[in-house]
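Single-structure report; data block below.
The values are calculated or read from the model by the stated rules, or taken from the named source; none is laboratory data. Remember, it's a predicted structure, so these values are computed and weren't measured experimentally. Every residue, glycine as well, gets a Cβ built from its backbone with ideal geometry; the counts of neighbours run over all protein chains shown. Just the protein is used for accessible areas: all its heavy atoms, side chains included, with ligands, DNA and RNA removed. Shrake-Rupley method; radii C 1.70, N 1.55, O 1.52, S 1.80 Å.
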Amino acid sequence: MQIIQPHYHAIARTAQDYERMAMSGVVAVCEPAFWAGFDRRHPETFIDYFAQISEFEPTRAAEFGIRHFCWVAVNPKEAENTELTQEVLRQMPEFLGKPNCLGVGETGLHKSTQNEIAALEAHVELAMKHDQLVLIHTPHLSDKAHGTKTVLEVLAGMDVNPDKIWIDHVEEQTIEWVLDAGYWAGMTLYPVTKCSPRRAVDILEKYSTERLLVNSSADWGPSDPFTLQECIVDFRKRGHSLQEAVEIFHNNPCRFLGQNPKWDIKPIQISES
Amino acid sequence: MLSPKQTLDTYYLEARRDLLEVAALLDRYDEAVNRAGGPADDESRLKVLREAMEVLAQGDHPQPNRTELLLEHFSKIN
């Protein structure tokens, strides 16, 4: 089965992960800009990072026949540094023009501070001005519900096209708010801290899957890129057809990401004969 | 050996995850009952799970032997 990893922090992972993903049917990964585990102090560090994910990382993925796309943003944890955020935002349009860059992300909220909210608004404004897709991070654990509500309130006060916005890391208590507001919703499957593969299948069975994306977890912390495959296996074990799996784990990312013409992977139909 | 705080720091999130999985299983079962229009012919495993949670919910255990109690409890099911 052909699989797309819509949210994958490749720079934190090994070539062996690429190799195993290729062996399991992954055809493309999308790498949002994220927190490095420490707060970067200089805009230039972000610029080098953006160059890494827009220029170098695609070559590493290509060695395994995997397409690599990216997103650029200042993540919410570093948005407290307003000067740095403004300078990086000023230089971001250059990277939005890169052949593999799909949009602005992951922006969003962590502790939902005023500086984070201001940075989120600035990122969304920039994206809308340049007709870009937006990937929005929602907080983890106890901050999840409040942070997600705040993201929705911020977006409700802006002139945005919900079709172009993907709100990520939804769980059972937040998914309905996101879908009801007309946005795309992403589930992120972690070994411990976020949604699990089985809970994701429960959600897929409960809600309309039209605007749902499913991500594995792939970063420098405890995470596992193969939670996505685990989810697919559980989905199939429950009796859902191969085409239904393809619709969710390949075609939905194509439908959302394909709003950017740089994404040239098309939805596929499995022959039943 | 871990201190009480270190024990919670180290294992709280894993326990949270495991409880969420149990909650999801119970929701999944209820959804299946709704779809099928009735419960499974034999709900004894569900009953045993609920009784196990009652054991865990008791605040006062004279000795730390909840795991042993649950293993004995689960042995009721083949």
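Among the residues of the range B:50-78, which ones are touching a residue at least 24 places away in the same chain (Cβ under 8 Å), of a type in the set (A, V, I, L, M) and in a helix (DSSP H, G or I)?
Once the filter is applied, which keeps residues that are touching a residue at least 24 places away in the same chain (Cβ under 8 Å), of a type in the set (A, V, I, L, M) and in a helix (DSSP H, G or I), the range B:50-78 yields only B:MET53.
Show the residue pairs that are 6+ apart or on different chains and have beta-carbon atoms under 6 Å apart, the first residue being within the range A:72-83 and touching a residue at least 60 places away in the same chain (Cβ under 8 Å), the second being in a loop (DSSP other than H, G, I, E, B) and among the aromatic types (Phe, Trp, Tyr).
Cβ pairs passing all conditions: A:ASN75/A:PHE34; A:ASN75/A:TRP35.
Which condition breaks for A:THR107 when tested against (1) outside any helix (DSSP H, G or I); (2) over 30 Å from A:VAL26 (Cα atoms); (3) open to solvent by less than 30 Å² (accessible area, probe 1.4 Å)?
(2)
Given the criteria under 12 Å from the mean Cα position of the chain (by Cα), away from chain A (no Cβ under 14 Å) and free of Cβ contacts under 8 Å to residues at least 12 places away in the same chain, does B:GLU21 qualify?
no
Using the structure shown, decide if A:PRO139 is without any contact (Cβ under 8 Å) to a residue 24 or more places away in the chain, within 17 Å of the chain's Cα centre (by Cα) and surrounded by fewer than 24 Cβ atoms within 10 Å (Cβ to Cβ).
no
Which residues, taken from the range A:112-136, are assigned to a helix (DSSP H, G or I) and either in contact with a Phe, Trp or Tyr (Cβ under 8 Å, 6 or more places away or on another chain) or open to solvent by less than 30 Å² (accessible area, probe 1.4 Å) (or both)?
A:GLU116, A:ILE117, A:ALA119, A:LEU120, A:ALA122, A:HIS123, A:VAL124, A:LEU126, A:ALA127, listed by residue number.
Can you tell me which residues in the range A:177-197 are surrounded by fewer than 20 Cβ atoms within 10 Å (Cβ to Cβ) and either small (Gly, Ala, Ser) or within 14 Å of chain B (Cβ to nearest Cβ) (or both)?
A:ALA181, A:GLY182, A:PRO191, A:VAL192, A:THR193 - these are the residues of the range A:177-197 that are surrounded by fewer than 20 Cβ atoms within 10 Å (Cβ to Cβ) and either small (Gly, Ala, Ser) or within 14 Å of chain B (Cβ to nearest Cβ) (or both).
Within the range B:35-49, take every residue that is more than 11 Å from chain A (Cβ to nearest Cβ) and assigned to a helix (DSSP H, G or I) and give me the one that is most open to solvent (accessible area, probe 1.4 Å).
Checked the range B:35-49; the qualifying residue most open to solvent (accessible area, probe 1.4 Å) is B:ARG45.
Give the range A:154-173 a look and list any residue that's part of a loop (DSSP other than H, G, I, E, B), away from chain B (no Cβ under 14 Å) and of a type outside the set (D, E, K, R), or say none.
Once the filter is applied, which keeps residues that are part of a loop (DSSP other than H, G, I, E, B), away from chain B (no Cβ under 14 Å) and of a type outside the set (D, E, K, R), the range A:154-173 yields A:GLY157, A:MET158, A:VAL160, A:ASN161, A:HIS169, A:VAL170.
Just checking, how many residues over the range A:210-236 are surrounded by fewer than 17 Cβ atoms within 10 Å (Cβ to Cβ) and under 26 Å from A:GLU176 (Cβ atoms)?
Summing the residues that are surrounded by fewer than 17 Cβ atoms within 10 Å (Cβ to Cβ) and under 26 Å from A:GLU176 (Cβ atoms) in the range A:210-236 gives 2.
Please tell me if B:LEU26 is hydrophobic (A, V, I, L, M, F, W, C), over 24 Å from A:ARG198 (Cβ atoms) and either open to solvent by less than 60 Å² (accessible area, probe 1.4 Å) or outside any loop (DSSP other than H, G, I, E, B) (or both).
no
Looking at the range B:1-23, which of its residues are open to solvent by 80 Å² or more (accessible area, probe 1.4 Å) and assigned to a helix (DSSP H, G or I)?
Matches in the range B:1-23: B:PRO4, B:LYS5, B:GLN6, B:LEU8, B:ASP9, B:TYR11, B:TYR12, B:LEU19.
Could you check the range B:1-18 and list, in sequence order, the residues that are under 19 Å from A:HIS140 (Cα atoms) and more than 11 Å from every other protein chain (Cβ to nearest Cβ)?
Correct list: B:LEU8, B:ASP9, B:THR10.
Among the numbered criteria (1) within 14 Å of chain B (Cβ to nearest Cβ); (2) in contact (Cβ under 8 Å) with a residue 24 or more places away in the chain; (3) touching a helix residue (DSSP H, G or I) at 6+ places or on another chain (Cβ under 8 Å); (4) open to solvent by 10 Å² or more (accessible area, probe 1.4 Å), which single criterion is violated by A:LYS206?
Exception for A:LYS206: condition (2).
Against the definition (exposed (fewer than 11 other Cβ atoms within 10 Å of the Cβ), within 14 Å of chain A (Cβ to nearest Cβ) and of a type outside the set (Ser, Thr, Tyr)), how does B:ASN78 come out, yes or no?
Answer is no for this residue.
With the structure loaded, tell me whether A:ILE232 is touching a helix residue (DSSP H, G or I) at 6+ places or on another chain (Cβ under 9 Å), β-branched (Val, Ile, Thr), away from every other protein chain (no Cβ under 14 Å) and within 16 Å of A:PHE256 (Cα to Cα) or whether it fails that test.
Here the answer is no, as A:ILE232 does not meet what is asked.
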